[in-house]
């Protein structure tokens, strides 16, 4: 059995690591492949760094398509490694189509995700959700409760929508987000200012997301925009990916020249 306490010391991802330890122990016992729930792909890759010394196990990160922002981790014994194509073809998730006319009432990924959660789905069982113009959204879920929502109609604000289960192969996969360097000059090193510049959304919307617990600093949920950031800090915004602070330099006018990595 894996020593839980040793891996959890000083970790910012205790819940995610504990889940991975649990499925690793199941894999060790039953000689089968087990999957975690959905987490940010970046978080999946981060927590696997703490499992590098576990020679008995191998892991595979996948979210339904190559550039998914939310993924699961598959765990299997080193002596029983499945083929990559087998892992992908047996990926435990289904595609969904959410159809509705949003021509005059735009909806975001967050809106569609909230719709699913409000109707009984568990957040950790919802993968990527992306909009399809003004016709609704598509996404990836691994929750048996989706069967009860199939072919049923709901309202997202004033727009009537219908949820339909589809095969993953039927989804129109969005273009993957590439890593991008962002250079900006800000009056301060405050979290809300840097997050607004990095995620390309207004300061007010950043503050709203902070209040709703949607923003994490180095893996921990934060709710204060006044926190002063430093080089190496990493911000995660739900459904928006990550930014990492690469450089901070004070200018002659006492403003901050900031270099960010968006991913």
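The values are calculated or read from the model by the stated rules, or taken from the named source; none is laboratory data. Please read all numbers here as calculations on a predicted model, not as lab measurements. So basically every Cβ, Gly included, is an ideal-geometry build from the backbone, and we count neighbours across all protein chains shown.
Yes/no matrix, rows are residues, columns are (1) outside the structural domain of residue 32 (by TED's automatic domain parsing); (2) touching a helix residue (DSSP H, G or I) at 6+ places or on another chain (Cβ under 7 Å); (3) at negative phi:
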| residue | (1), (2), (3) |
| --- | --- |
| 69 | no, yes, yes |
| 73 | no, yes, yes |
| 80 | no, no, yes |
| 84 | no, no, yes |
| 111 | yes, no, yes |
| 123 | yes, yes, yes |
| 127 | yes, no, yes |
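For residue 17, the test of being in a helix (DSSP H, G or I), closer than 14 Å to residue 72 by Cβ, touching a residue at least 12 places away in the same chain (Cβ under 8 Å) and touching a helix residue (DSSP H, G or I) at 6+ places or on another chain (Cβ under 6 Å) is failed.
If you check 81, 126 for being touching a strand residue (DSSP E or B) at 6+ places or on another chain (Cβ under 7 Å), within 30 Å of residue 27 (Cβ to Cβ) and loosely packed, with under 15 Cβ neighbours inside 10 Å, only one passes: 81.
Before we move on, is residue 71 within 15 Å of the chain's Cα centre (by Cα) and outside any helix (DSSP H, G or I)?
In short, yes.
Within segment 128-148, residues that are free of Cβ contacts under 8 Å to residues at least 24 places away in the same chain have Cβ atoms under 8 Å from residues that are crowded, with 22+ Cβ neighbours inside 10 Å and not in a loop (DSSP other than H, G, I, E, B) in these pairs: 143/126, counting only partners at least 6 apart in sequence or on another chain.
Of the residues 155, 65, the single one that is out of contact with any strand residue (DSSP E or B) (no Cβ under 6 Å at 6 or more places or on another chain) and either loosely packed, with under 15 Cβ neighbours inside 10 Å or not in a loop (DSSP other than H, G, I, E, B) (or both) is 155. Among the conditions (1) out of contact with any helix residue (DSSP H, G or I) (no Cβ under 9 Å at 6 or more places or on another chain); (2) closer than 23 Å to residue 125 by Cα, the only one that residue 91 does not satisfy is (1).
Checking the structure you have, find out if any residue of segment 186-203 is under 23 Å from residue 100 (Cβ atoms) and surrounded by 11 or more Cβ atoms within 10 Å (Cβ to Cβ). Working first, answer last.
First, the residues of segment 186-203 that are under 23 Å from residue 100 (Cβ atoms): none.
No: zero hits.
I'd like to check which strands (runs of 3 or more DSSP E) are fully inside segment 189-263 and have at least 3 residues that are under 16 Å from residue 43 (Cβ atoms) and touching a residue at least 24 places away in the same chain (Cβ under 8 Å).
Working: elements: 215-217, 234-237, 241-250, 256-262.
The strands (runs of 3 or more DSSP E) meeting that bar are 234-237, 241-250.
Checked against (1) touching a residue at least 12 places away in the same chain (Cβ under 8 Å); (2) outside the structural domain of residue 256 (by TED's automatic domain parsing), residue 152 passes all but condition (1). I'm trying to understand the selection: among the residues of segment 158-188, which are within 30 Å of residue 249 (Cα to Cα) and either out of contact with any strand residue (DSSP E or B) (no Cβ under 9 Å at 6 or more places or on another chain) or not in a strand (DSSP E or B) (or both)? Those that are within 30 Å of residue 249 (Cα to Cα) and either out of contact with any strand residue (DSSP E or B) (no Cβ under 9 Å at 6 or more places or on another chain) or not in a strand (DSSP E or B) (or both): 177, 178, 179, 187, 188. State whether one or more residues within segment 75-90 are under 18 Å from residue 36 (Cβ atoms), touching a residue at least 40 places away in the same chain (Cβ under 8 Å), under 21 Å from the mean Cα position of the chain (by Cα) and part of a helix (DSSP H, G or I). Within segment 75-90, one or more residues are under 18 Å from residue 36 (Cβ atoms), touching a residue at least 40 places away in the same chain (Cβ under 8 Å), under 21 Å from the mean Cα position of the chain (by Cα) and part of a helix (DSSP H, G or I).
Quick check on segment 23-35. Is at least one of its residues within 28 Å of residue 232 (Cβ to Cβ) and not in a strand (DSSP E or B)?
First, the residues of segment 23-35 that are within 28 Å of residue 232 (Cβ to Cβ): none.
Checked segment 23-35: no residue is within 28 Å of residue 232 (Cβ to Cβ) and not in a strand (DSSP E or B).
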